[in-house]
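For reference, the structure is listed below as structure tokens.
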Amino acid sequence: MASPVAFAAQAGKLLRERALRPRLLAVRSQAGHLTPRRWLNLQEYQSKKLMSEHGVRVQRFFVANTAKEALEAAKRLNAKEIVLKAQILAGGRGKGVFNSGLKGGVHLTKDPKVVGQLAQQMIGYNLATKQTPKEGVKVNKVMVAEALDISRETYLAILMDRSHNGPVIVGSPQGGVDIEEVAASSPELIFKEQIDIFEGIKDSQAQRMAENLGFLGSLKNQAADQIKKLYHLFLKIDATQVEVNPFGETPEGQVVCFDAKINFDDNAEFRQKDIFAMDDKSENEPIENEAARYDLKYIGLDGNIACFVNGAGLAMATCDIIFLNGGKPANFLDLGGGVKEAQVYQAFKLLTSDPKLEAILVNIFGGIVNCAIIANGITKACRELELKVPLIVRLEGTNVQEAQNILKSSGLPIMSAVDLEDAAKKAVASVAKK
Ligand code: GDP
Ligand code: MN
């Protein structure tokens, strides 16, 4: 593993990026490298429900879809103070701004009527935070919770860490704020515990983390207990990330998870059916949902060359080589394995719906995929969609000869490429000509 600082900074970056694209995600560095990922991301209220079911302490809450429901929920809570929280998948809500003019996606008040009034300015409006796109994300639901006083805010996250092949717990006594800022300005305040997935979390590790987070006296045992429960939850639900910020303490001496963010490993969908049924796709870009309907993975980028590929690795390589040749990918669409002709057509339809598009680069390696099926799909799509932009095709692997013949005999203006480099050069050149 890299240094804890680097790790925390990287983790923080990942978390922020994940928030931007909950379902289909491109983690981009400056150089334009891409790591496509697909992770289920739940709303705070859904995450907290799972947490409370596993003995993790969260505040009492209700969820409301309308201002009226929010008002009723506030009355029903019958709490000294209420906290109203806009539900979007991005963080930084506290400091966010609504396009209704309201400032702050998290509000504290003692008056249920005010909860109703505030909810009125939240629901149906976009909330922009530093983790959302500029225009923000539409709020459909609010969480109405019993507010508790916070005497101290710490940070706690459990993540899967590749370099150590297992979970790692990352914590800081400096919670509430951006963890990246803490990692940058006071790296000595970031602590981690690597967990051996076979041995599980040891008491000593939970205790040490609680101590590093600054919990004292009886709070230390309580915090350690909460950390262990969070770890068990993390494992049981196949999470890739459980983040609690703030993981706080109250003046009454309770350790409480004031915020919650959980991501899941989509490969575990088959054994986490109940959780995946909670998937809220309303924050996805419509085109991503449309792609998912056909079992395609689509990621929008900001260039002008569409990439039609199979496999995440090939997607990255294709984007990289376009960058290297001076071009910019507009998007990429991952066809996956087991392709049918109709899917190829749908894929083209999706790709060409992007108005920025000036060329399409097809880069398919036929391992499981039969190139002839792709070629037939391509020619069909070209005809039916009356494709207007240059199409560069590089096919390799199973049945490639037949595929080449199909393309050639189609009479369509398809540019064939001998390899990936050639394909990228042709694509970039075809765009540059314009
Ligand atoms: P985020 O901004 O999206 O991370 O949303 P949070 O749930 O973390 O809320 C933002 C901030 O509001 C927290 O860091 C807390 O300082 C504050 N906050 C949230 N819930 C409560 C609460 O019940 N009581 C108090 N006093 N502050 C709260
Ligand atoms: Mn938070």
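To keep it simple, each residue is scored yes or no on (1) in a loop (DSSP other than H, G, I, E, B); (2) on the phi < 0 side of the Ramachandran plot; (3) not hydroxyl-bearing (Ser, Thr, Tyr).
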site	(1), (2), (3)
MET278	yes, yes, yes
SER282	no, yes, no
GLU288	no, yes, yes
TYR298	no, yes, no
ASP302	yes, yes, yes
ALA306	no, yes, yes
GLY313	no, yes, yes
ALA317	no, yes, yes
ILE321	no, yes, yes
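Is it the case, given these coordinates, that GLY326 is in contact with a helix residue (DSSP H, G or I) (Cβ under 7 Å, 6 or more places away or on another chain) and either in a strand (DSSP E or B) or surrounded by fewer than 18 Cβ atoms within 10 Å (Cβ to Cβ) (or both)? Judged against the criteria, GLY326 is a match.
In segment 380-395, what residues are more than 32 Å from the chain's Cα centre (by Cα) and under 25 Å from ILE321 (Cα atoms)? Within segment 380-395, CYS382, LEU387, LYS388, PRO390 qualify. Among the residues of segment 249-260, just one is surrounded by fewer than 22 Cβ atoms within 10 Å (Cβ to Cβ) and in a strand (DSSP E or B), namely VAL256.
State whether one or more residues within segment 102-117 are modelled with pLDDT of 95 or more, within 16 Å of ligand 2 (Cβ to nearest atom) and under 24 Å from PHE191 (Cα atoms). No, segment 102-117 contains no residue that is modelled with pLDDT of 95 or more, within 16 Å of ligand 2 (Cβ to nearest atom) and under 24 Å from PHE191 (Cα atoms). Within segment 227-248, being part of a strand (DSSP E or B) and within 16 Å of ligand 2 (Cβ to nearest atom) holds for GLN241, VAL242, GLU243, VAL244, ASN245, PRO246, PHE247, GLY248.
In segment 131-167, the residue that is farthest from ligand 1 (Cβ to nearest atom) out of those that are in a loop (DSSP other than H, G, I, E, B), farther than 25 Å from PHE191 by Cβ and of a type in the set (Gly, Ala, Ser) is GLY136. Residues that are of a type in the set (Asp, Glu), under 12 Å from VAL362 (Cβ atoms) and under 33 Å from the mean Cα position of the chain (by Cα) are absent from segment 411-419 altogether.
Restricting LYS408, LYS426 to those that are farther than 24 Å from GLY327 by Cβ and either part of a strand (DSSP E or B) or modelled with pLDDT of 90 or more (or both) reduces the list to LYS408. Within the set ASN331, ASN267, the sole residue that is outside any strand (DSSP E or B) and either in contact with an Asp or Glu (Cβ under 9 Å, 6 or more places away or on another chain) or within 16 Å of ligand 1 (Cβ to nearest atom) (or both) turns out to be ASN267. The residues of segment 355-374 that are part of a loop (DSSP other than H, G, I, E, B) and more than 16 Å from TYR294 (Cβ to Cβ), listed by number, are PRO355, LYS356, LEU357, GLU358, GLY367, ILE368, ASN370.
Going through ALA86, ALA70, ALA79, ALA128 one at a time, which residue ends up being more than 13 Å from ligand 1 (Cβ to nearest atom) and either in contact (Cβ under 8 Å) with a residue 40 or more places away in the chain or buried (at least 19 other Cβ atoms within 10 Å of the Cβ) (or both)?
Going through ALA86, ALA70, ALA79, ALA128 in turn, just one is more than 13 Å from ligand 1 (Cβ to nearest atom) and either in contact (Cβ under 8 Å) with a residue 40 or more places away in the chain or buried (at least 19 other Cβ atoms within 10 Å of the Cβ) (or both): ALA70.
Taking each residue of segment 307-319 that is free of Cβ contacts under 8 Å to residues at least 60 places away in the same chain and looking for partners that are polar (S, T, N, Q) and part of a helix (DSSP H, G or I) with beta-carbon atoms closer than 9 Å, six or more apart or interchain, yields CYS307/THR318; PHE308/THR318; VAL309/THR318. Given (1) in contact with a helix residue (DSSP H, G or I) (Cβ under 7 Å, 6 or more places away or on another chain); (2) within 16 Å of ligand 2 (Cβ to nearest atom), where does GLN43 come up short, assuming only one miss? Status for GLN43: all satisfied but (1).
The values are calculated or read from the model by the stated rules, or taken from the named source; none is laboratory data. This structure is a prediction, so every number in the text was calculated from the model and none was measured. Because the Cβ atoms are built from the backbone with ideal geometry, glycine has one as well, and the counts that use them run over all protein chains shown.
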